[in-house]
Amino acid sequence: MEISFRGKKVLVTGAGQGIGRGIAEQLWRTGAKVVAVSRTRSHLETLQNEYPSIDIVELDVGDWDKTREVIESLGHFDALVNNAGIGLCQPFLECTPEAFDTTMNINLKSIINVSQVVAKKMIENKTQGAIVNVSSQASKAALMDHTIYSASKAGLDAVTRAMALELGPYGIRVNAVNPTVIMTAMGKIGWADPDKANTMLSKIPLGRFGEVSEVVDAVLYLLSDKASMINGVELPIDGGFLAT
């Protein structure tokens, strides 16, 4: 199945590294005009050095007003990937208001903000666009020390469904992907401890963690016209973790 985004302009947040970077790179390979957003300039510069035609935007999406101003200035998009996120893990009894506010601001509030700006322009331009939100298996299952993170991703799933309901009549599809542990550079470090890794792996029927490319492929499918009747889903990319 060949997927092409030739002639499409796509915004990817959190595109400096990991899953977001992989999405930006693959969209570029399939012909998209990619605009990559990250708060870390050095990550964006290495991306652009590799793919000079990718436009880069340094932006902290946690700043509501600045984000609206910048995203508005970027013009009209055919598709959006809300990948920017943060994970602050604390035991339930030690959760702090600072961690709660920071996590909700990035993982939930910023996605509503960016999506509002992009979706309004899609509607103005009569674009039957697509939006994919990067959620997590943690929205569906309890994980140790993930109280606030899980709450933010469960909220994101709910926002995804609401967006699908309200934007669907304009021909704009909104879906989420819910990955398990993914072997990004950070993932390899975070799950290097065999005891920690084996506890999680024992709950995944396929017996392994996911690769960035496996999330990228699912996101590109959901963005593409091949998924033209898929709207409001939360797609686990978890090797069966949620099936057990």
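Bear in mind these aren't lab numbers, they're just calculated from the coordinates by the rules spelled out. Everything numeric here is computed off the predicted structure, so don't read it as measured data. As a convention, Cβ positions derive from the backbone with ideal geometry for all residues, glycine included, and neighbour counts pool all protein chains shown.
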So, over other residues within a Cβ distance under 13 Å of Thr199, counting Lys, Arg +1 and Asp, Glu -1, the net charge is -1
Just add up the charged neighbours of Ile182: K/R +1, D/E -1, any other residue whose Cβ is under 9 Å from the Cβ of Ile182. -2
Grab the other residues whose beta carbon is less than 11 angstrom from that of Leu156, score K and R as +1, D and E as -1, and report the net. +1
If we count other beta carbons within 10 Å of each Cβ, what is the order of Lys188, Lys8, fewest first? Lys188, Lys8
Ranked by GNM mean-square fluctuation in the chain (Cα springs under 10 Å), the top entry among Leu108, Leu201, Leu44 is Leu201
Once you sort the root eigenvalues of the Cα gyration tensor of the chain as a ≥ b ≥ c, which label holds: rounded (a/c under 1.5), prolate (a/b larger than b/c) or oblate (the other case)? rounded
Computed [θ] at 222 nm, deg cm²/dmol, the chain (DSSP H ≥ 4; -39,500 (n - 2.57); rounded to nearest 500): -13000 deg cm²/dmol
Collect residues whose amide H, placed 1.01 Å from N in the peptide plane, falls under 5 Å from the amide H of Ile237; neighbours closer than 5 in sequence don't count. Asn178, Thr180
May I ask you to evaluate 6.51 cos²θ - 1.76 cosθ + 1.60, the Karplus curve with θ = phi - 60°, for each residue of the stretch 32-42 and list the ³J(HN,Hα) values in order in whole Hz, giving x for glycine and proline? 6, 8, 9, 10, 9, 10, 7, 8, 10, 4, 4
With a ≥ b ≥ c from the Cα gyration tensor eigenvalues, square-rooted, and the rule rounded for a/c under 1.5, otherwise prolate when a/b > b/c and oblate otherwise, the stretch 153-222 is prolate
Going 7 Å from the Cα of Ala192 in the Cα-to-Cβ direction, what parts of the stretch 17-52 have a backbone nitrogen less than 20 Å from that spot? 17-19
Candidates Ser38, Ser139, Ser213, ranked by Gaussian network fluctuation over the chain, Cα under 10 Å, top entry: Ser213
Enumerate the calculated ³J(HN,Hα) couplings along the stretch 69-75 in order (Karplus 6.51 cos²θ - 1.76 cosθ + 1.60, θ = phi - 60°), each rounded to whole Hz, writing x wherever the residue is Gly or Pro. 4, 5, 4, 4, 6, 7, x
